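Colleague: Starting off with a structure, shown below.
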Amino acid sequence: MERWEIELLGRYFEGQALAVIVGHGRAVAGLALRVCRRLGLEEEACRFVEEAALLHDIGVCRTRAPDVGLDTGFPYIMHGIIGREILEREGLPRHALICERHIGVGLTVEDIIRQGLPLPQRDMSPLTTAEEIVCFADLFYSKSPGRITHQKPPEKVRTKLAAFGEGKALIFDRWMERFGGGLEAGLQK
């Protein structure tokens, strides 16, 4: 029996795009669950994080994402807010917030203005532990075909984030301490 999250994704994606989004979501969910268990979260919280990790990129369905096989639609950076809209309509408001807040280590109003992003000028930074865990786990996986399950090393993730400001890298450093500190080898499992 297919998970309900995969069935939901199948209503918005097909073919290669569905395979990429599901593969990426499963990789992110796997790492997110390891973090949940490392933190000793209750099973209900772990289940929610897993669901949200599987669905976090649902908004990609309406964007230009050539790696995923989608070449029309809105700019890719909008997939978080599009995902929020979709999941709110689907009756999943908590999952929806994770969609909106999972970009990088989160987007502030200042980030949106400074980078001229086509997004509403509101804070889209993760606020809850669940939001932070999905955001953290997502940083380690790409949606490039052939690399979906390849986990990036923490130093590569940090370097990429530092390009957006040392503050972004410092958030990642705090998350590494909290979610994966001393666990670099364990993150690979």
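Colleague: Of a type in the set (Ser, Thr, Tyr) and assigned to a helix (DSSP H, G or I): is that true of Thr159 in this structure?
Modeller: Working: of a type in the set (Ser, Thr, Tyr): yes; assigned to a helix (DSSP H, G or I): yes.
So Thr159 passes the test.
Colleague: Give all pairs with beta carbons closer than 9 Å in which a residue from segment 11-35 that is without any contact (Cβ under 8 Å) to a residue 12 or more places away in the chain and closer than 12 Å to Val68 by Cβ meets a residue that is of a type in the set (Phe, Trp, Tyr) and surrounded by 17 or more Cβ atoms within 10 Å (Cβ to Cβ); count only pairs at least 6 apart in sequence or on separate chains.
Modeller: Close Cβ pairs satisfying both conditions: Leu18/Tyr12; Ala19/Phe13.
Colleague: Considering only segment 72-86, I want to know if a residue exists there that is at pLDDT below 95, surrounded by 15 or more Cβ atoms within 10 Å (Cβ to Cβ) and farther than 15 Å from Cys135 by Cα.
Modeller: yes
Colleague: Among the numbered conditions (1) at positive phi; (2) assigned to a helix (DSSP H, G or I), tell me where Gly91 comes up short.
Modeller: (2)
Colleague: Can you spot a residue in segment 95-117 that is at positive phi and in contact with a Phe, Trp or Tyr (Cβ under 7 Å, 6 or more places away or on another chain)?
Modeller: Looking for residues that are at positive phi and in contact with a Phe, Trp or Tyr (Cβ under 7 Å, 6 or more places away or on another chain), one finds at least one in segment 95-117, hence yes.
Colleague: Counting only residues that are surrounded by fewer than 18 Cβ atoms within 10 Å (Cβ to Cβ) and either in a strand (DSSP E or B) or of a type in the set (Asp, Glu) (or both), how many does segment 34-66 have?
Modeller: 3
Colleague: Among Arg101, Arg158, Arg84, Arg114, which is more than 21 Å from Ala17 (Cβ to Cβ), within 15 Å of the chain's Cα centre (by Cα) and of a type in the set (Lys, Arg)?
Modeller: Arg101
Yes/no matrix, rows are residues, columns are (1) of a type outside the set (Asp, Glu); (2) surrounded by 15 or more Cβ atoms within 10 Å (Cβ to Cβ):
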site: Arg89; (1), (2): yes, no
site: Glu100; (1), (2): no, yes
site: Leu117; (1), (2): yes, yes
site: Val134; (1), (2): yes, yes
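The values are calculated or read from the model by the stated rules, or taken from the named source; none is laboratory data. Being a predicted model, the structure only gives us computed values, none of them experimental. All Cβ positions, glycine included, derive from the backbone under ideal geometry; neighbour counts span all protein chains shown.
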